[in-house]
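Here the structure comes first, spelled out in structure tokens, and everything after it is commentary.
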Amino acid sequence: MGNYSKGQAILELAIFGSILIMLLGVLISYGIAYSSRQKIMQEAFRKALASAAVSGPNYSGTPISVSHSLLKDIHIPNPSDPFAVGSVTPVSARATVTRNYALDANAENDNELPQMRINLQGYEYGPFKAAGFRNEYNVSENQDNSDQGFSSTVVTPDAFADSAMDDAGNYLWEGNLDKYYEIYGAANVLITGDGECMTEQTNVNPETGQSETSCLKMGKNIQILDSFAGEIYDYGGAVRRCRQIVDVSACTKECERGSGDDCAGTCAKEMNPPNQNTNVYDSTKGGAWYCADYYPHPDGQVSRYVFPKLEQLFGYLTGQDKGLGLQADYAQISSINNKLERTEDTIGINATDTLDWEVNTTRDIVYRDKGDTSGDAPPLRQTVTTNVCAEKDGSGNCISKTQAWGVSW
Amino acid sequence: MYNLRSKGQGSLEMLVSLIGLVILLLGTVNIFIWINQRMVTRQKDYENSRISAGSDTTGNEIQVDESAYPELDVFK
């Protein structure tokens, strides 16, 4: 009976002590993680704020939008460990700041494109462009696309004007530009100049009786601010964009969701290839190259396609939400070398405990080669290893942590 | 006699363990207060520096300076 009561107190202490130490550990890890999250959110915003101020040429009010992704590996110490070795946990935050005196203005050159900077453990990578410019040539404006009988036909200018409208006052010939406006947004499509004449019209001048040739359907060259021509974007968004371009019903659904006008008519138009009728990219016209060579998805579902250029770019990335930029997957290698030296002699006992503890985390930053306009270039990858250890010297190198004690007889 | 000594030992062990438990609890509470205060102070400093950070057009990164924040002292 006596032995039982002796053991009971020890057992109680062991149980409640371990529960308390566990509680302490939970509190410390939660507190450190929560505090780090607050700190990193503040840091990310201030970094984006500072970058946005200097990104534009002399901060002239040009539209500059900067995203900062900040990630730090935080050491969460374990209170039950003599050296407080614990786990390493990533804490991240992202902030976007647009500093601009004219918020409705769009980017007009490379300097003004939205950018993303990635900061890992204090080291900055980027800036990566989050959009790019893409040129397309000979896109027709709101004119003829249905051979209304003007080509090589003798008509007077008045007759031309009358025939351009139907009885309800609608244009009989609408160009393809409307579809660009619908898909990319009107603000992101800029007409840069005239292209080639696509349909000529021959009229007889009633005064002179001579034939005069004029251009009925003029092609326009356009510059598109395309979020999928940048260095970093998501797979899902790119597939959705391609589906709009190559599938009339998908385009119509998206258009109707955005309460657009005459969605079926607009979406039936042909953009420069690849489009709903051809999957071949034509560099002389400059279509959406990232949608080229598409084919129906093998599962046979309606409006599902495989886009080989996108598959090549995103092919080796994993997860459902595949995206370029800093990858969520990482490899963490933890190494611990603990050496205990004890000397015992006639004078006393001396012990030295040395710990080398290091956690290396390797991450990938994947981005598109911005110079690639064919979709054939493989994605670029930057591998970054961050390091957390027990103690670092002034140069940032890991050093051993030592505890020593001794007892003299 | 044996029983009495045994009872005393139990009380003694309990006393020692209770002291340990109280120290642990106090330490835990102190850590909690320290983290809490640090976060409040950091947020306050952050809010106070908003105007200067937003007004800067030279790209100076204005971050909260935590170097003067009090260190953790669990026995306080």
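Tabulated data for the structure shown
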read-out: Tally, over the range B:48-68, of residues that are within 11 Å of chain A (Cβ to nearest Cβ) and within 19 Å of the chain's Cα centre (by Cα); value: 1
read-out: The lone exception for A:Gly319 - which of (1) open to solvent by 50 Å² or more (accessible area, probe 1.4 Å); (2) outside any loop (DSSP other than H, G, I, E, B) it fails; value: (2)
read-out: The range A:366-377, subset in contact with a Gly (Cβ under 9 Å, 6 or more places away or on another chain) and not in a strand (DSSP E or B), residue surrounded by the most Cβ atoms within 10 Å (Cβ to Cβ); value: A:Arg368
read-out: Pick from the range B:1-14, criterion more than 10 Å from chain A (Cβ to nearest Cβ) and open to solvent by 50 Å² or more (accessible area, probe 1.4 Å), ranking: modelled with the lowest pLDDT; value: B:Met1
read-out: Number of the condition not met by A:Asp353 [criteria: (1) under 22 Å from A:Arg243 (Cβ atoms); (2) surrounded by 14 or more Cβ atoms within 10 Å (Cβ to Cβ); (3) not hydrophobic (A, V, I, L, M, F, W, C)]; value: (1)
read-out: Residue count, the range A:378-409 (criterion: at pLDDT 85 or above and part of a loop (DSSP other than H, G, I, E, B)); value: 7
read-out: Residue in the range A:249-282 that is nearest to A:Gly230 (Cα to Cα), counting only those that are hydroxyl-bearing (Ser, Thr, Tyr) and free of Cβ contacts under 8 Å to residues at least 12 places away in the same chain; value: A:Thr278
read-out: Any hit, the range A:240-255, residues being open to solvent by 50 Å² or more (accessible area, probe 1.4 Å), part of a loop (DSSP other than H, G, I, E, B) and closer than 17 Å to A:Gly185 by Cα; value: no
read-out: In the range A:181-232, the residues that are hydroxyl-bearing (Ser, Thr, Tyr), open to solvent by less than 40 Å² (accessible area, probe 1.4 Å) and assigned to a strand (DSSP E or B); value: A:Thr199
read-out: Residue that is within 22 Å of A:Asp321 (Cβ to Cβ), out of contact with any Phe, Trp or Tyr (no Cβ under 8 Å at 6 or more places or on another chain) and among the small types (Gly, Ala, Ser), where the choices are A:Ala268, A:Ala250, A:Ala264; value: A:Ala250
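Matching residues to (1) part of a helix (DSSP H, G or I); (2) under 30 Å from B:Asn48 (Cβ atoms); (3) facing chain B (nearest Cβ under 10 Å); (4) at pLDDT 90 or above:
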{"site": "A:Lys6", "(1), (2), (3), (4)": "yes, no, yes, no"}
{"site": "A:Leu24", "(1), (2), (3), (4)": "yes, no, yes, no"}
{"site": "A:Ala44", "(1), (2), (3), (4)": "yes, yes, no, yes"}
{"site": "A:Ala50", "(1), (2), (3), (4)": "yes, yes, yes, no"}
{"site": "A:Val85", "(1), (2), (3), (4)": "no, no, no, no"}
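The values are calculated or read from the model by the stated rules, or taken from the named source; none is laboratory data. These figures come from a predicted structure and were not determined experimentally. Neighbour counts run over all protein chains shown; Cβ positions are idealised from the backbone, glycine included. Just so you know, the surface numbers come from the protein's heavy atoms only, side chains and all, with ligands and any DNA or RNA stripped out. Shrake-Rupley method; radii C 1.70, N 1.55, O 1.52, S 1.80 Å.
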